[in-house]
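Report on the following structure.
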Amino acid sequence: MAMQRIALTTLVVADYDEALAWYRDRLGFHVVEDTALGDDKRWLVMAPPGGRNSGGLLLARAAGPAQAASIGNQAGGRVFLFLHTDDFQRDYHAMRAAGVSFLEEPRHEDYGIVAVFTDLYGNRWDLLQPARGFG
């Protein structure tokens, strides 16, 4: 049987270093790879703690006006990415203390405990502790 998985999700950013610092300092992500590609391009992959082998974010600096226009609105205003956690309260409080902006108070849903936050560019994320049987 074949095995497939989504390895990376591209996140268009305005600046490599500002995005790296935000994801590292606010969310606690780790740099998985940071390789210069020439022409001031980088292959910059970050992943959350415990997520090094389960996919990550490829931070890609916008090239041109069309890509720049998508910064902060990659999902058309919907939640774009879902950050799963095994301890919602720990991560919610750590993220708030680090200056992450949450758009709502945590709520309990059938699928788990969740709250929407925004990244440095305004993309919406769910911080989610899945309920048993979900996620």
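The values are calculated or read from the model by the stated rules, or taken from the named source; none is laboratory data. It should be emphasised that the depicted structure is a prediction, and the values quoted were computed from it without experimental measurement. All Cβ positions, even for glycine, are placed from backbone atoms using ideal geometry, and neighbour counts span all protein chains on display.
Quick notes on this structure:
- Residue in the range 37-58 that is among the small types (Gly, Ala, Ser), assigned by TED's automatic domain parsing to the domain that holds Ala19 and more than 20 Å from Ala7 (Cα to Cα) present: yes
- Whether a residue is over 17 Å from Tyr23 (Cβ atoms), in contact with a strand residue (DSSP E or B) (Cβ under 9 Å, 6 or more places away or on another chain) and not assigned by TED's automatic domain parsing to the domain that holds Pro49 was assessed, and Asp110 does not pass this test.
- Among the residues listed as Leu27, Leu81, the single one being loosely packed, with under 15 Cβ neighbours inside 10 Å, of a type in the set (A, V, I, L, M, F, W, C), under 17 Å from Thr118 (Cα atoms) and touching a residue at least 40 places away in the same chain (Cβ under 8 Å): Leu81
- Arg61 vs. criteria more than 17 Å from Trp125 (Cα to Cα), surrounded by 11 or more Cβ atoms within 10 Å (Cβ to Cβ) and modelled with pLDDT under 95: no
Residue-wise test of (1) within 18 Å of Asn123 (Cα to Cα); (2) touching a strand residue (DSSP E or B) at 6+ places or on another chain (Cβ under 8 Å); (3) crowded, with 16+ Cβ neighbours inside 10 Å.
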residue	(1), (2), (3)
Asp15	yes, yes, no
Ala21	yes, no, no
Asp34	no, yes, no
Leu57	yes, yes, yes
Ala69	yes, no, no
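- Considering (1) buried (at least 18 other Cβ atoms within 10 Å of the Cβ); (2) under 18 Å from Glu18 (Cα atoms), the lone condition that Phe88 does not fulfil carries the number (2).
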